[in-house]
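Asks: Next up is a structure, given as structure tokens.
Read-outs throughout are calculated quantities, based only on the coordinates presented, and are distinct from any laboratory measurement. Only a predicted model underlies this, so the values are computations on that prediction, with no experimental measurement involved. So basically every Cβ, Gly included, is an ideal-geometry build from the backbone, and we count neighbours across all protein chains shown.
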């Protein structure tokens, strides 16, 4: 995944840029960067690896040395950015958030049109942000270039482009990721997360619409290319990735999670002693469940974050599983001889939640009922870089379906997405048995959509039903 923040100010913007970017640290774990433009110094940039220390530590020196009235920053799980590009458009800096599925086709097309080379990253892949810049540079001006990139890219791509005249903010064509604009006296900011600018003195001006391109200057944000009518914003932003204080399309993440938990409770017949959320993303869902059901909320384990916030998570999955386990400290008095109902945001691979359940049993739990806050994921996301998984078969649902069907390419996946079918129930029962849960019941897709409150046609639900 990833996040971004940009500032256009009448004064030096580094303070706001530094902390606004830092407020996106929950969205990425590998790279971070900032680029600024100053009329006297020109462009300046800093990029650091943040795998083993937080953003503020790595950029503490840079923030005191860099200066400019225009700036953009990013947190990224993948490519190093921002990039500074010199082209026939002049020099500009660019950050992106999204996913490109047709990289090979685009690269081949660019080579045929005369593009000379791309720098490979350490994994041998082309930097997606560099590729976006190369596509943009095929056109006569930046606006046409951005529109061409949106048409060419299979996937999604939201971007900020820093120029000497201001920041071009472009939301992806179907608005899968958010772009929020904030204003205060003498400055305008643009941000993935709207909450990121509140403590910096900004108030929300508006959110960009799907496909909209705007120029951000200290005076505000002016639309250069109007928003489209269709939107498919990612539902998983509310379920998991969004920070609790965030809101998208005017809908609060925290409130959505309360509604989500309440709807889970309305369909449940379990009678546990207490309800708990897997920290931190399951906590709000659990509060909603407890409030609606009348079953007490408790915290039978505490997440130890002083030295292991999310930004410290290693990239290797085996190490991530170990660190996730090490973070949870039991409160034995709230576990021993108790029947617990545990809510997590989702079950993807199942590894961490199985270990969490075993951890609770070892700590004396009598029962562990599990209630994921979203339906069973059946498809790997092809629009955003949510996961490092290289195969759809990493999903526990797919592995279980393969075992139930006796084939690696079943043709009836849609039946496993419908909670009214015997295939769905067989899959859920098998997963619950495989992960050693006392019982397992997923959130229904229709209830989850109702928890958000937008029409389903405006939400992306691809990872659950294959409809993006």
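Asks: Could you tell me the distance between the Cα centroids of the stretch 153-213 and the stretch 404-423, to the nearest Å?
Replies: 40 Å
Asks: When only C-alpha pairs under 8 Å and at least 6 residues apart count, what is the relative contact order of the stretch 248-465, in percent?
Replies: Averaging sequence separation for qualifying contacts and normalising by length gives 20 percent for the stretch 248-465.
Asks: How tilted is helix 422-434 with respect to the longest principal axis of the chain? Cα atoms for both, answer in degrees (0 to 90, nearest 10).
Replies: Here the helix axis deviates by roughly 80 degrees.
Asks: Continuing with this model, one more query. Gain in length, residue 65 to residue 299, computed as 0.36 nm per residue apart minus the alpha-carbon separation, to one decimal in nm?
Replies: Numbers: separation 234, 0.36 × 234 = 84.24 nm, distance 4.38 nm.
That pair, residue 65 and residue 299, stretches by 79.9 nm at full extension.
Asks: Over the residues of the stretch 24-75, compute the C-alpha Rg and express it relative to 2.2 N^0.38 Å.
Replies: Expressed relative to 2.2 N^0.38 Å, the Cα Rg reads 1.15.
Asks: Quick one: angle between helix 396-405 and the longest Cα principal axis of the chain, in degrees between 0 and 90, rounded to 10, please.
Replies: 60 degrees
Asks: Right, here's the next one. If we count other beta carbons within 10 Å of each Cβ, what is the order of 443, 369, fewest first?
Replies: With the fewest neighbours first, 443, 369 line up as 369, 443.
Asks: Modelled label-to-label distance, residue 57 and residue 223, 7 Å Cα→beta-carbon offset: nm?
Replies: Label-label distance for residue 57 and residue 223, simple model: 4.5 nm.
Asks: Taking 0.36 nm per residue of sequence separation and subtracting the Cα-Cα distance, how much length would be gained by fully extending the chain between residue 204 and residue 407, in nm to one decimal? Write out the running numbers ahead of the final one.
Replies: Values: separation 203, 0.36 × 203 = 73.08 nm, distance 5.14 nm.
Fully extending the segment from residue 204 to residue 407 adds 67.9 nm.
Asks: Can I ask one more? Would you work out if the stretch 408-460 is rounded, prolate or oblate? Take a ≥ b ≥ c from the square roots of the eigenvalues of the alpha-carbon gyration tensor; rounded if a/c is under 1.5, else prolate when a/b is larger than b/c, oblate otherwise. Write down the numbers at each step before the final one.
Replies: Working: a/c = 2.75, a/b = 1.47, b/c = 1.87.
Because a/c hits 1.5 or more and a/b fails to exceed b/c, the stretch 408-460 counts as oblate.
Asks: May I pose another question? Pop a pseudo-label 7 angstrom from the Cα along the beta-carbon direction at both residue 349 and residue 280 and give the gap in nm to one decimal.
Replies: That separation, rounded to one decimal, is 2.3 nm.
Asks: Could you order the peptides 376-383, 70-77 from most to least packed, using the average number of other C-beta atoms within 10 Å per residue? Numbers along the way, then the final one.
Replies: Numbers: 376-383: 20.8, 70-77: 28.6.
Highest mean packing first, the order is 70-77, 376-383.
Asks: Taking a ≥ b ≥ c as the square roots of the eigenvalues of the Cα gyration tensor of the stretch 112-269, is the shape rounded (a/c under 1.5), prolate (a/b larger than b/c) or oblate?
Replies: The shape class here is oblate.
Asks: For the stretch 248-465, just say rounded, prolate or oblate: build the C-alpha gyration tensor, square-root its eigenvalues into a ≥ b ≥ c, call rounded for a/c under 1.5, and beyond that prolate if a/b exceeds b/c, oblate if not.
Replies: Rounded shape, in that the Cα axes give a/c under 1.5.
Asks: Using alpha carbons only, how many angstrom separate the centre of the stretch 245-266 from the centre of the stretch 119-134?
Replies: After rounding, the separation between the Cα centres reads 37 Å.
Asks: Sorted by average packing, counted as other Cβ atoms within 10 angstrom per residue and highest first, what order do 50-58, 108-116, 448-456, 342-350 take?
Replies: Taking the mean over residues of other Cβ atoms within 10 Å, the ranking is 342-350, 448-456, 50-58, 108-116.
Asks: Follow-up question, since we're still on this one. What is the packing order of peptides 185-193, 1-9, taking the mean over residues of other C-beta atoms within 10 Å and listing the highest first?
Replies: Top to bottom by mean Cβ count within 10 Å: 1-9, 185-193.
Asks: Between residue 117 and residue 165, what is the spin-label point distance in nm, taking each point 7 Å from the Cα along the Cα→C-beta axis?
Replies: 3.3 nm
Asks: Still on this structure, I have one more. For the chain, calculate the relative contact order in percent as a whole number, restricting contacts to Cα pairs under 8 Å that are 6 or more residues apart.
Replies: Values: 1029 pairs, mean separation 60.6, N = 468.
Reported relative contact order: 13 percent.
Asks: Ok, one more. Once the Cα atoms of the stretch 113-179 are picked out, what are the Rg and Dmax in Å?
Replies: 12.6, 35
Asks: Got the relative contact order for the stretch 81-177 handy, in percent, Cα pairs under 8 Å and 6 or more residues apart?
Replies: After rounding, I find 32 percent.
Asks: Let me ask you something else. Go ahead and estimate [θ] at 222 nm for the chain from helices alone: -39,500 (n - 2.57) per DSSP H run with n ≥ 4, summed, over the residue count, rounded to 500. All intermediate terms of the calculation are to be shown ahead of the outcome.
Replies: Numbers: 14 runs with 138 residues, N = 468.
Value at 222 nm, helices only: -8500 deg cm²/dmol.
Asks: Compute the angle between helix 142-152 and the longest alpha-carbon principal axis of the chain, please, reported from 0 to 90 degrees and rounded to the nearest 10.
Replies: For 142-152 against the chain, the angle is about 40 degrees.
Asks: Can you work out the FRET efficiency for the pair residue 391 and residue 425, with r the C-beta to C-beta distance and R0 = 41 Å, to the nearest 0.05?
Replies: 0.95
Asks: Hey, another quick one. Cα convex hull of the stretch 180-255: mean projected area in nm², to one decimal?
Replies: Values: hull surface 20.6 nm².
Dividing the Cα hull surface by four gives the mean projection, 5.1 nm².
Asks: Using a 7 Å offset from Cα along Cα-Cβ at residue 41, what residues in the stretch 7-24 end up with backbone N under 11 Å from the label point?
Replies: Output list for this probe position: 13-14.
Asks: For residue 332, put the label point 7 Å out on the Cα→Cβ axis and report which residues of the stretch 354-384 keep their amide N under 16 Å from it.
Replies: Under 16 Å, as judged by backbone N against the label point of residue 332, lie 359-366 of the stretch 354-384.
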